[in-house]
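All of the numbers you see were taken from the coordinates with simple rules; none came from a lab. Small disclaimer: the values here were computed from a predicted structure and weren't measured. All Cβ positions, glycine included, derive from the backbone under ideal geometry; neighbour counts span all protein chains shown.
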Amino acid sequence: AQKITQTQPGMFVQEKEAVTLDCTYDTSDPSYGLFWYKQPSSGEMIFLIYQGSYDQQNATEGRYSLNFQKARKSANLVISASQLGDSAMYFCAMREGSYYNQGGKLIFGQGTELSVKP
Amino acid sequence: SQTIHQWPATLVQPVGSPLSLECTVEGTSNPNLYWYRQAAGRGLQLLFYSVGIGQISSEVPQNLSASRPQDRQFILSSKKLLLSDSGFYLCAWSVDQPRREKLFFGSGTQLSVL
């Protein structure tokens with residue numbers, strides 16, 4: 001069963017505007033973490049932001065914020081004031097469990113390709 | 001600071017040939033290590049992960065194998081490549097931190113099997 005769903009294969013946004021990338025997840029584990037990664041055309045994966053299932057507040061990292069709606073099982077990434085350098089693939093990912101030595105079972109969505117227009 | 005090295009960056013191999021991709025991590029000890037594969041335009045699929053020397057967990061049955069001969073070295077291998085093995089291979093590392101454990105990725109290897 002698909003555990004991470006990103007329904008937007010591609011998105012366009014005007015430079016300096018805000019954009020929201022959608023992510024929904026499915027888990028029965030009450031303890032989990034949600035991540036967003038950026039993958040520019042170079043291929044490297046860049047960590048952007050993390051949200052824990054028990055975190056009371058939505059995570060923010062500079063221009064990135066995570067709109068975490070636990071009851072709806074959604075973890076949308078909001079990028080404010082888009083820049084040309086934000087053009088990339090964006091992946092939502094989830095890790096279940098709260099125990100050490102589980103290994104990095106980070107499950108990724110299919111990604112959303114964001115294009116920022118000048 | 002921690003760094004991860006992955007090589008080669010690109011590789012073109014004929015079907016049936018062997019494969020060896022290497023990944024090393026510097027600046028940390030006893031990391032968790034992972035191999036992911038990304039098909040063109042798709043998300044990442046976890047292939048193997050390792051929580052210690054000689055400890056390998058396979059997520060997907062296939063003709064690939066992984067080994068961890070040293071604490072900070074992770075190797076992805078195949079005895080005979082298939083066309084379906086083509087893809088972008090990413091090595092990653094993390095340190096234990098329940099739920100919050102984030103992955104740091106290498107620069108990837110683009111493998112083309114012809």
Over segment B:52-97, volume per residue of the alpha carbon convex hull, in Å³: 96 Å³
Over chain B, volume per residue of the alpha carbon convex hull, in Å³: 100 Å³
Set the Förster radius R0 to 41 Å, insert the Cβ-Cβ distance between A:Leu84 and A:Ser31 as r into 1/(1 + (r/R0)^6), and round the FRET efficiency to 0.05. 0.60
Whole percent per 10 Å bin, from 0 to the bin with the longest distance: what is P(r) over all C-alpha pairs of chain A? 14, 48, 30, 8, 0
With Rg from the Cα atoms and Rh as the Kirkwood inverse mean 1/r over Cα pairs, segment A:1-48 has an Rg/Rh of 1.02
Taking every residue of A:43-53, the Cβ atoms of other protein chains inside 10 Å of its Cβ average out to 4
Taking R0 as 45 Å, what's the FRET efficiency between B:Asn30 and B:Leu114 from their Cβ-Cβ distance, rounded to 0.05? 0.70
May I ask which of A:Lys3/B:Lys102; A:Lys117/B:Lys102; A:Lys3/A:Lys73 have a Cα-Cα span longer than 22 Å here? A:Lys117/B:Lys102
Report the residue, chosen from B:Gln13, B:Gln38, B:Gln62, that carries the largest GNM mean-square fluctuation when chain B is represented by alpha-carbon nodes joined by springs under 10 Å. B:Gln62
Can you give the longest run of chain A that contains no chymotrypsin sites (Phe, Trp or Tyr not before Pro) sitting in a DSSP loop with at most 13 other Cβ atoms inside 10 Å? A:1-53
Report the equivalent ellipsoid semi-axes for the protein assembly as shown in whole Å, largest first, defined as the square roots of five times the eigenvalues of the gyration tensor built from alpha carbon atoms. 29, 21, 16
